[in-house]
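Worksheet: one structure, shown below.
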Amino acid sequence: MIQITLAGTELRFDEANLHVSMTRNGTDWSWDLDYIPVFNTAQKEIPFRDAASISHEVRQTGLGKGILSRYEGFAADGDASVPGLSFCTYVWIEGSTGDVFFEWIPLQEEETGIQSVTWPGPMAFREGREDWYTLLNYHQGLLIPNTWETELGKLPFGGSLCSAASYMPWFGQVKAGEGYIAICEQPWDSAFYAEHPAGGPYTKAGVRWGASLGKMRYRRVMRYTLLSGCDYNDICKVYRYYVKEKGLFCSLKEKAAKAPGVDRLIGSLFLHRGIKNHVCPESSMYDAEHPGKYDRVVPFRTRTEEIKALRAQGFEKLYLHLDGWGDPGYDNQHPDYLPPCEEAGGWDGMKELADTLHDCGYLFGIHDQYRDYYFDGKTFDASFGCLQTDGTIPEHANWAGGHQTYLCATQAPYYVKRNFRQLAEHDISLDCAYLDVFTCNEPDECANPMHYMSRRDCLDFRGQCFEYLLSQGILPSSEEVSDWSMKSLVFCHYAPYQFQMCKPGTPRKGIPVPLFNLVYHDCVIIPWMMEKMDAHNDYMLYALLNGGAPYLIRDGAYPGIDGSFQPEFTFTEQEAYDRCRVVADLHERIAACEMVSHKLLAPDGSKQETVFSDGTRVRVDLDALSYEICKGDAANHAAPQ
């Protein structure tokens, strides 16, 4: 056993099983006894301990003290041969903070074929107590007590960071007020895994480091901060400080200095409408017995008249998000989407709609797509698809447009500039633009030497698309939110809790908590679903609790998925407006405020409270379907209609 102590943290390393344990403030954190450090090739899982040579040494540097381990000489084993492989692990305590860093460092790879490394190990977290819980950034945020009855199951996108599986690249665990946050410092090639069986009584959480274009290539780092007397609020604030330290944090006030339209979007009602839907025969959604089942065209003029009617009813601040405005229809032939739908009125019809919105004082934005790359697009060229290391490009036909691959993101900024310049040349004035899936789906990589791209590069090129829009005074949006995009992204389609993406009545995988908003509320505008799904679920309450913007109308492009489910309750136009006005008024006041804290006022989460930096306090009762908004001595008590 090697043991070192520095800055209040004790680190222990067991040379026999290669396990690490840590102690701070009298609390022990040790790896799960079942865990074995491993890496994976295409053929098999190989333990670190299979190395022919393993050595360990204590290192003292100007920054801290730790244990450096070297692994080399993995013997050939049939198809699982990994000759020429050597790597180090370095586990060390930072002297200035007491934080513990876990570094995996490739030294020699050659053509080893490593696909992933599962290290460091998950913490032992096996006790059937409600006050032992795990925090996952699964959509907006999920708190899983060790006793939670529902199995977690698989994470979306294989747990990939920089996707809806983890809006932020960290997870945490708390046991009776003692906790830790584990931050992944290189998230682009990484994935989290988590395991919680039905009823517990444990939850595992860990990280898998993935290869980049066929090799591990570079150092990977997990940073653990150990906390005492904490809850999930404290853990989120540790991360908020971290992203400010790293330069990822950019507030709405800072973004408004670059694009004044930010202030106009704050407090607006969100209207999500479409023009043309068309499902191609090769799409998995196509119904051969009813070929026109999903096809429709709504004239631009119809949408224009709707806008005029809303203005006549007294709607003051409104943002229109327009789907399916291009000639091919929604999710078809991207990125070759122009001209505007001829059947709906073409250039003139779209310009009339844009001009009407601006005459009414409203904001106008469009749906667009620069990842899904459709084979029937006018300028499609398979050589610009994301080439995999095996020489293929991914192909599927899941969406309305049918046969597609993924556009190498090196090309995306050029297409964005091409398309938006053409819109401007036809005097289509845009305030906002939604670039689909960039912040929801995992980053891509491309092995084509003509446009070689790592996943980290991919995120950079996606960010360049957002920055181009900002440079044109257009507010950028995308499907959900992701930590890497916070420097540029102004708003999103939604950033919901995981249960809101499932059919009502589906057992919840944990208690929804606003982990993302506790870090980034004052950086991004998040519109919230406003449906009253049934007698027990009114989504308006979550909109208020999170200090978000309201959806007046939200026409989902694909019914039955992505949170588009038919509610049991409907409202009159006036009732819908009144509900939205309450949410929008609150958003107007606190959009640029930090969410200071969130509390579960009942253990099951049925009563909750958020507090914002201007002193505003929002309380909701999810059983009684009521809310209270309080600032200072003033309070507004109400039950939604």
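Summary table below
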quantity	calculated
Reachable lysines from Lys532, criterion Cα separation under 16 angstrom, eight or more residues apart if same chain	Lys503
Residues of type aspartates and glutamates that Lys154 reaches as a straight line, Cα spacing below 13 Å, ignoring anything fewer than 8 places off in the same chain	Glu195
Helix 300-312 vs. the chain, principal-axis angle (Cα, 0 to 90°, nearest 10)	80
Fewest-first ranking of Val416, Val38, using other Cβ atoms within 10 Å as the exposure measure	Val38, Val416
Exposure proxy ranking, count of Cβ atoms within 10 Å, fewest first, for Ile266, Ile144	Ile266, Ile144
Helix axis angle, 412-425 relative to the chain longest principal axis, alpha carbon, degrees	20
Computed label-point distance, nm, for sites Trp347 and Glu316 using a 7 Å Cα→Cβ extension	3.8
Rg and Dmax of the stretch 294-368, Cα atoms only, in Å	12.5, 38
Residues in the stretch 581-614 that a label on Asp623 would reach, taking backbone N under 11 Å of a point 7 Å out along Cα→Cβ	602-607
Neighbour net charge for Pro567 - beta-carbon separation under 9 angstrom, K R +1, D E -1	-2
Euclidean distance between Cα centres, the stretch 377-444 to the stretch 485-513, Å	25
Cβ-defined net charge surrounding His396, 13 Å radius [Lys, Arg +1; Asp, Glu -1]	-3
Under 21 Å from Lys215, Cα to Cα: lysines that are on another chain or at least 8 residues apart	Lys44
The stretch 2-246 - percent relative contact order, Cα under 8 Å, separation 6 or more	17
Whole-number percent relative contact order across the stretch 259-491, with pairs defined as alpha carbons under 8 Å at least 6 apart	20
For the stretch 280-338: rounded, prolate or oblate by the Cα gyration tensor [a/c cutoff 1.5]	prolate
Estimated 222 nm signal from helices in the chain, with DSSP H stretches of n ≥ 4 weighted -39500 (n - 2.57), rounded to 500	-5500 deg cm²/dmol
Footprinting exposure proxy for Asp372, Asp614 (fewest neighbouring C-beta atoms within 10 Å first)	Asp614, Asp372
Pairs beyond 19 Å (Cα-Cα), from Lys317/Lys631; Lys308/Lys351; Lys244/Lys417; Lys246/Lys599	Lys317/Lys631; Lys244/Lys417; Lys246/Lys599
Nitroxide proxy distance, nm - points 7 Å out along Cα→Cβ at Ala424 and His403	3.6
For the chain: relative contact order, % (alpha-carbon pairs under 8 angstrom, 6 or more apart)	11
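Read the figures in this text as sums done on the coordinates, not as results from a lab. Since the model is a prediction, treat every value here as computed from it, not as a measurement. Here Cβ is always computed from backbone atoms with ideal geometry, including for glycine, and neighbour counts include all displayed protein chains.
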